[in-house]
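Here's the structure we're looking at; comments come further down.
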Amino acid sequence: MIGYAHDTHQREFQVCTHVRRDDDADFCQIFTGVGIEYKIACFDCSSHYDERTDQFFEVSETEFNRIAENIENPFQWERAIGNPEILITDDLIFNRQEIPFDGLGVRNRIIQVCGDKSSSSVLVVVEDRLYSRLDFTSIRFVEIAQGSIQSILEITDNTISQISGMDFTKEVSLQYDSKAGLIVVANTYGEFAYVLTTSGELKLSTSRGKYQIKHSVFPLFLFEHNSVYYLIHGSDWNRLDISNIETGDIITARQVSDSFDYFHGKLLLSPNHTWLVSDGWVWAPVGMVTYWTLDRWFQDPGTPESRDVVYSLAGREEWGMGLCWYSDTKLLVVGYGTLDSIYHGVSLVDLENNQFHGWFPGPTGEISYHLESDLLISMESDSFSLWKLSTGTRRFHRENIRPLLLHQDCIYFTEDDQLFRFSLKVSPT
Ligand SMILES: [Zn+2]
């Protein structure tokens, strides 16, 4: 479970006199700089905090918690000031393993590394557009197709390549399943997505239209259900569908009203294929994470638009901030707070009851959690950090590299155009 280790400090429980007298007052958290402790103030006192220290009083822990209950859910409270304390020990040491480019013969800039959904191998896209699978037996690259993804698309669907095709100079999203022999590829902020076999056959192509696509990633998720492979994909700005990859059939045919105001974004399906999460946004614009169950969607195609079965984490000024699974029902979400009072950190939310289960400050960017080591990795464009989830402590930090993927128990990154990996199984020294 998520935690925050700061057990040597005797916590004080302070609230401003206005909050103490009036439970209906506006609430504000004032972080003290010690751990994630905070005082509770009305908006007025929070705006003039330095002049009003005499307006704050110590209350019992019970009374503090009674007042705090109104604001403990970070997706409900409106404002916070001050800075929580980030715990840093950086006491882990990992050995990196270089992965040579023997299979390609030429050293090329790696565009992306993608984890295999069904094994520990990975798919690699390099600058000359070849794609290869990592063979862990020999730790060499093995070419798995005769040509580039681009050339496969040109051969199999001339129309697509003439209209748009893939642009490998822009960000690419990939999903890979070696068991099914399927690769899902799209420009992350593009209009089209494709499903290819590893032998170069185009199985499915889809479009999400052009409306506002530069603001959210192409929603895509490949999964197996009752031995059939499906792709969940954006098919319009406010619409998701499920397509059967073998037949090409859309199994969620329906009408979606133009007035349904939600731009779907990055998708996550829980490990047990129960919960589906979309990290999208609505106009003002405000980011909003929505979630519903896949079972319900199979039964009712209109589920993503149905307000009584879609749950949401209330607005954040940004979206695409990083999400990953803690368990089959609990989601880790980057950020604490709402709108302009959002803090760097990670929050734990139980989707089954829409309940907040704590947070700790620090992580930003993309995140992934490794249960066995209890380590959360946070990845920025040129750095990554490892955090122990049960204590909220940063235990490793590395800069001036390009992290690409946390897959199973390894982290892949490039440094000076070479690919390396760290194993989370390496013991700390
Ligand atoms: Zn006050």
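The values are calculated or read from the model by the stated rules, or taken from the named source; none is laboratory data. This structure is a prediction, so every number in the text was calculated from the model and none was measured. Here the Cβ is made from the backbone with ideal geometry for all residues, glycine too, and neighbour counts use every protein chain on show.
Across the stretch 348-365, what is the number of residues that are in contact with a His (Cβ under 8 Å, 6 or more places away or on another chain), part of a strand (DSSP E or B) and either surrounded by 23 or more Cβ atoms within 10 Å (Cβ to Cβ) or of a type in the set (Asp, Glu) (or both)?
2
Residue under question is ARG239, and the condition is that it be touching a residue at least 60 places away in the same chain (Cβ under 8 Å) and either crowded, with 19+ Cβ neighbours inside 10 Å or under 22 Å from ASN353 (Cα atoms) (or both); does it hold?
Values: touching a residue at least 60 places away in the same chain (Cβ under 8 Å): yes; either crowded, with 19+ Cβ neighbours inside 10 Å or under 22 Å from ASN353 (Cα atoms) (or both): yes.
So ARG239 passes the test.
Would you say SER270 is among the polar types (S, T, N, Q) and under 28 Å from SER118 (Cα atoms)?
The answer is yes for SER270.
Examine the stretch 277-287 for a residue that is more than 11 Å from the chain's Cα centre (by Cα), part of a strand (DSSP E or B) and in contact (Cβ under 8 Å) with a residue 60 or more places away in the chain, and state whether such a residue exists.
Checked against the condition, which is being more than 11 Å from the chain's Cα centre (by Cα), part of a strand (DSSP E or B) and in contact (Cβ under 8 Å) with a residue 60 or more places away in the chain, the stretch 277-287 yields at least one hit.
Does the stretch 369-376 contain any residue that is among the polar types (S, T, N, Q), buried (at least 17 other Cβ atoms within 10 Å of the Cβ) and under 15 Å from the mean Cα position of the chain (by Cα)?
Within the stretch 369-376, not a single residue is among the polar types (S, T, N, Q), buried (at least 17 other Cβ atoms within 10 Å of the Cβ) and under 15 Å from the mean Cα position of the chain (by Cα).
Hey, among the residues in the stretch 34-51 that are in a loop (DSSP other than H, G, I, E, B) and farther than 13 Å from ARG11 by Cβ, which one's nearest to the ligand (Cβ to nearest atom)?
Within the stretch 34-51, the match that is nearest to the ligand (Cβ to nearest atom) is CYS42.
What about PHE298, is it of a type in the set (Phe, Trp, Tyr) and in a loop (DSSP other than H, G, I, E, B)? Explain how you work it out, then say what you get.
Details: of a type in the set (Phe, Trp, Tyr): yes; in a loop (DSSP other than H, G, I, E, B): no.
Answer is no for this residue.
Assuming SER257 fulfils every condition listed in (1) part of a loop (DSSP other than H, G, I, E, B); (2) more than 22 Å from ILE213 (Cα to Cα) apart from one, which condition is it?
SER257 satisfies every listed condition except (2).
Within the stretch 264-283, is even one residue assigned by TED's automatic domain parsing to the domain that holds GLN175 and farther than 21 Å from GLY322 by Cα?
Going residue by residue through the stretch 264-283, those that are assigned by TED's automatic domain parsing to the domain that holds GLN175 are 264-283.
Going one step further and asking which of them are farther than 21 Å from GLY322 by Cα, we end up with none.
No, the stretch 264-283 contains no residue that is assigned by TED's automatic domain parsing to the domain that holds GLN175 and farther than 21 Å from GLY322 by Cα.
For the stretch 199-220, give me each residue that is part of a strand (DSSP E or B) and touching a His at 6+ places or on another chain (Cβ under 8 Å).
First pass over the stretch 199-220, keeping only residues part of a strand (DSSP E or B): 202-207, 220.
Result: THR206, LEU220.
Search the stretch 60-76 for residues being farther than 26 Å from TRP319 by Cα and either in the same structural domain as GLU318 (by TED's automatic domain parsing) or of a type in the set (Val, Ile, Thr) (or both), and hand back the single one that is modelled with the lowest pLDDT. Lay out the reasoning, then the answer.
Just the residues of the stretch 60-76 that are farther than 26 Å from TRP319 by Cα, to begin with: 60-69.
Cutting the leftovers down to either in the same structural domain as GLU318 (by TED's automatic domain parsing) or of a type in the set (Val, Ile, Thr) (or both) gives us 62, 67.
Details: THR62: 90, ILE67: 83.
Residue satisfying both the conditions and the ranking: ILE67.
Go through the stretch 331-342 and give me each residue that's buried (at least 19 other Cβ atoms within 10 Å of the Cβ) and either on the phi < 0 side of the Ramachandran plot or in a loop (DSSP other than H, G, I, E, B) (or both).
Within the stretch 331-342, LEU331, LEU332, VAL333, VAL334, TYR336, GLY337, THR338, ILE342 qualify.
Return yes or no: is LEU331 aliphatic (A, V, I, L, M) and closer than 27 Å to ILE88 by Cα?
Answer is yes for this residue.
Taking the stretch 10-26 as the region of interest, how many residues are touching a strand residue (DSSP E or B) at 6+ places or on another chain (Cβ under 7 Å) and either near the ligand (Cβ under 10 Å from one of its atoms) or without any contact (Cβ under 8 Å) to a residue 24 or more places away in the chain (or both)?
Residues in the stretch 10-26 being touching a strand residue (DSSP E or B) at 6+ places or on another chain (Cβ under 7 Å) and either near the ligand (Cβ under 10 Å from one of its atoms) or without any contact (Cβ under 8 Å) to a residue 24 or more places away in the chain (or both): 5 in total.
For the stretch 54-71, which residues satisfy the criterion of being without any contact (Cβ under 8 Å) to a residue 40 or more places away in the chain, surrounded by 12 or more Cβ atoms within 10 Å (Cβ to Cβ) and more than 25 Å from GLN355 (Cα to Cα)?
Within the stretch 54-71, just GLN55 meets the criteria.
Kindly list, by first and then second residue, each pair from a residue in the stretch 209-220 that is charged (D, E, K, R) to a residue that is surrounded by 12 or more Cβ atoms within 10 Å (Cβ to Cβ), limited to pairs with Cβ atoms under 6 Å and residues at least 6 apart or on different chains.
What qualifies is LYS210/GLU191; LYS214/TYR189.
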